[in-house]
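One structure is given here, and the rest of the page talks about it.
Every number here is computed from the coordinates shown, using simple stated rules; none is lab data. Just so it is clear, the structure is predicted and the values come from calculations on it, not from any experiment. For neighbour counting, all protein chains shown are included, and Cβ atoms are generated from backbone atoms with ideal geometry for every residue, glycine included.
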Amino acid sequence: MSIWTVMNGVAWALSGGLFLLILWDFIKVERARRADSRAPDGAGEKEP
Amino acid sequence: MSQETGPAAAPESKPHLIKVLGPVHIWALGVGIVLVGEFMGWNFAVAKGGSLGAIIACWVIGLLYTALVMVNTEIGSVIPEAGGQYAMAKYLLGPLAAFNVGLMLVFEYVMLEAADALVIGELLKTLNPAIRSLPYVILTLMFFTYLNYRGVFATLTVNFIITALAFVTIFILLFATRFYHPTESLVRLKQMTNGLPYGLIGIIAAFQFGVWFFLGIEGTALAAEECRSIGRALPVGALVGMATLLVGATITWYVCSGLVPAAHLGESVYPLFDAAMATHMSWVVAALFAGTLLSCMASANGCITDSSRAWFAMSRDTLIPGAFAAVHPRYKTPYRAILFLLPIAMVFGFTGLLDQVITFSIFSALLVYLLCGYMMFKFRAMYPLGSMKRGYVAPWHPFVAILLITLVLATLAGMYFGYWINLLAGFLFYFIASFWFTFHRYKFVDYKTLIKAGAIHWPRPKGY
């Protein structure tokens, strides 16, 4: 297996890792947003 | 009028982006998107109009873009909102034109982003046959999407560094040719160039490829909302960026035309890289390889920033569903707009149709420029000089706007020679989009939300 083939695998792995990082944060933010919008005062998430 | 709820539908809770950018970031955004056009694409102008036709097209199109930057900077300096030309259109032309301008901007940048990622993959493939382009195309899009997701300051600081490095490589090539030495110079313009083989018609046909030298510089206005001082950052960043590109374009033409025979230059995929190969200096070849790669990265990065701002602004103004108007609570970025456009760029990237993707991007951009020229007339009529404080006043009105409109029409005419079917398909696409907006989406548009920021800060327009 050449170094270039390994690099292809590394590129796939990095892409997957970045995708998971974004997805993890996105889900976290969306959950917080939904929880805020269900808060008793009904104010929703405060935008800056 | 509004039948929707959500962030964009409630004017009181209108989300805003964080103000952290200075002139350097605006320069990096504009030049970063464009610089790739000096490393590839512009040279097809040589095939259409000859060596002389290419440099004439470069300077004439440079005039078009200088006029565009002047128009955009004057109008943009009083609109501290994301969306650039889209934001201008909503105040000066109304919702339907604004929707179209927004859509054109999104397609211009998303398609350019896809093309950049494709080129990065293809370029890396030239290193070794075992390298596959797809993982690198995906990695490029993922990495810059992640960077944009995390914050605009870091994104454009990175863009400044990679754009500056890519720009320096053009100077490395220039000085490696020893152009200043009468006997040792590698630049042989007399032997390599072919003048003006097709006359005036060749020059007009070359216009569409001269656009590559500057396409995207208008994107500086899209980050207006995130500027610390819009009256300073936008004019300084955009005008210095334009001057940088004019210098870069002229040097690029000079070294490429002096090192590569015109017949080969007109068909080259990577003209600056081929020019570096002609020097037979391995370190120059390595520098230009890196420069080509970095310019593609800077362009893809800037395109993600600009397309997401246009999409975000349209959503916030209720022209498209309000879901995309959300701002990340921590990073203060339009994160939903950024993520929504990622798969669209990937789909265009997977098609592999680089020339079609780029042609649609250029066509969309030219339509925006045409409307910008018209908007300048409307802006000066609605808000004459002295009626409101401007960060910048474009001189010689109305000649600048007339020049802009004339040159855009000439470029569209040149494009018609080679890509008439693409032009027709493009018009049809925007016609269908307008049809959808008028008969379906328009009932959801909240007009008060749409023009709220302008209505607060601007005086009543003359005649209204």
What is the helix-to-structure angle for B:335-351, meaning the angle in degrees between its Cα long axis and the longest Cα principal axis of chain B, kept from 0 to 90 and rounded to the nearest 10?
40
For the charge dipole of the protein assembly as shown, defined by +1 on Lys and Arg C-beta atoms and -1 on Asp and Glu C-beta atoms about the Cα centroid, which residue among B:G102, B:L139, A:I22 has the Cα displaced farthest towards the positive pole?
B:G102
Between the Cα axis of helix B:354-382 and the main Cα principal axis of chain B, the angle (0 to 90°, nearest 10) is 50
³J(HN,Hα) computed for each position of region B:313-319 - Karplus, 6.51 cos²θ - 1.76 cosθ + 1.60, integer Hz, glycine/proline x:
5, 5, 5, 4, 8, 6, 6
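Sort A:11-19, B:34-42 for me by packing, meaning the mean count of neighbouring Cβ atoms within 10 Å per residue, highest on top. Don't skip to the end; give the middle numbers.
On the way: A:11-19: 16.6, B:34-42: 27.1.
Taking the mean over residues of other Cβ atoms within 10 Å, the ranking is B:34-42, A:11-19.
Subtracting the Cα-Cα distance from 0.36 nm times the residue separation, let me have the gained length for B:A433 to B:W59 in nm, one decimal. Kindly include the intermediate steps, with their values, before the conclusion.
On the way: separation 374, 0.36 × 374 = 134.64 nm, distance 3.44 nm.
Difference between extended and current length: 131.2 nm.
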Given R₀ = 41 Å, what would the calculated FRET efficiency be for B:A381 paired with B:L424, taking r from the Cβ atoms and rounding to 0.05?
0.80
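To the nearest 0.05, what FRET efficiency results for A:L14 and B:K19 with a Förster distance of 41 Å applied to their C-beta separation? Walk me through the intermediate numbers first.
Numbers: r = 32 Å, r/R0 = 0.78.
The formula returns an efficiency of 0.80 here.
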With x for Gly and Pro, the residue-by-residue ³J(HN,Hα) of region B:143-151, computed from phi through the Karplus equation 6.51 cos²θ - 1.76 cosθ + 1.60 at θ = phi - 60° and given in whole Hz, is 4, 6, 5, 4, 4, 5, 4, 7, x
Between the helical axis of B:399-436 and the dominant principal axis of chain B, each derived from Cα atoms, what acute angle in degrees is found, rounded to the nearest 10?
70
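From Cα pairs below 8 angstrom and at least 6 apart in sequence, can you work out the relative contact order of chain B, rounded to a whole percent? Mind showing how you got there, number by number?
Values: 848 pairs, mean separation 160.8, N = 464.
35 percent.
Just flag the trypsin sites (Lys or Arg not before Pro) in region B:319-388 sitting in loop per DSSP whose Cβ has no more than 14 other Cβ atoms within 10 Å. Intermediate values should be presented prior to the final figure.
Values: sites: B:R330, B:K332, B:R336, B:K378, B:R380; in loops: B:R330, B:K332.
Sites meeting the loop and neighbour criteria: B:R330.
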In debye to the nearest 20, how big a dipole does region B:20-454 give about its Cα centre with +1 on each Lys and Arg Cβ and -1 on each Asp and Glu Cβ?
900
Between B:H264 and B:Y442, what is 0.36 nm times their sequence separation minus the Cα-Cα distance? Round to one decimal in nm.
59.0 nm
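Determine the gain in length on full extension of the stretch B:R228-B:L353; use 0.36 nm per residue of separation and subtract their C-alpha separation, reporting nm with one decimal. Provide the component values of the computation, followed by the final result.
Details: separation 125, 0.36 × 125 = 45.00 nm, distance 3.93 nm.
So the extension gain works out to 41.1 nm.
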Please compute the modelled spin-label separation between B:H280 and A:V6, points set 7 Å along Cα→Cβ, answer in nm with one decimal.
3.6
Hey, can you grab everything whose amide H is under 5 Å from the amide H of B:L21? Only 5+ residues off in sequence or another chain; H modelled, so Pro and N-termini drop out.
B:C227, B:R228
Sorted by chain and then number, the residues having a modelled amide H within less than 5 Å of the amide H of B:A82, at least 5 places away or on another chain, are B:E225
If the label point is 7 Å along Cα→Cβ of B:L93, which residues in region B:360-399 have backbone nitrogen under 18 Å from it?
B:360-383
Quick one: check the C-alpha center-to-center distance for region B:148-220 versus region B:322-337, whole angstrom.
35
What FRET efficiency comes out for B:I201 versus B:L409 if R0 is 22 angstrom and r is the Cβ-Cβ distance? Round to the nearest 0.05.
0.90
Quick one: Karplus J couplings for region B:211-217, per residue in order, coefficients 6.51, -1.76, 1.60, θ = phi - 60°, nearest Hz, x for Gly and Pro?
4, 4, 5, 10, 4, x, 4
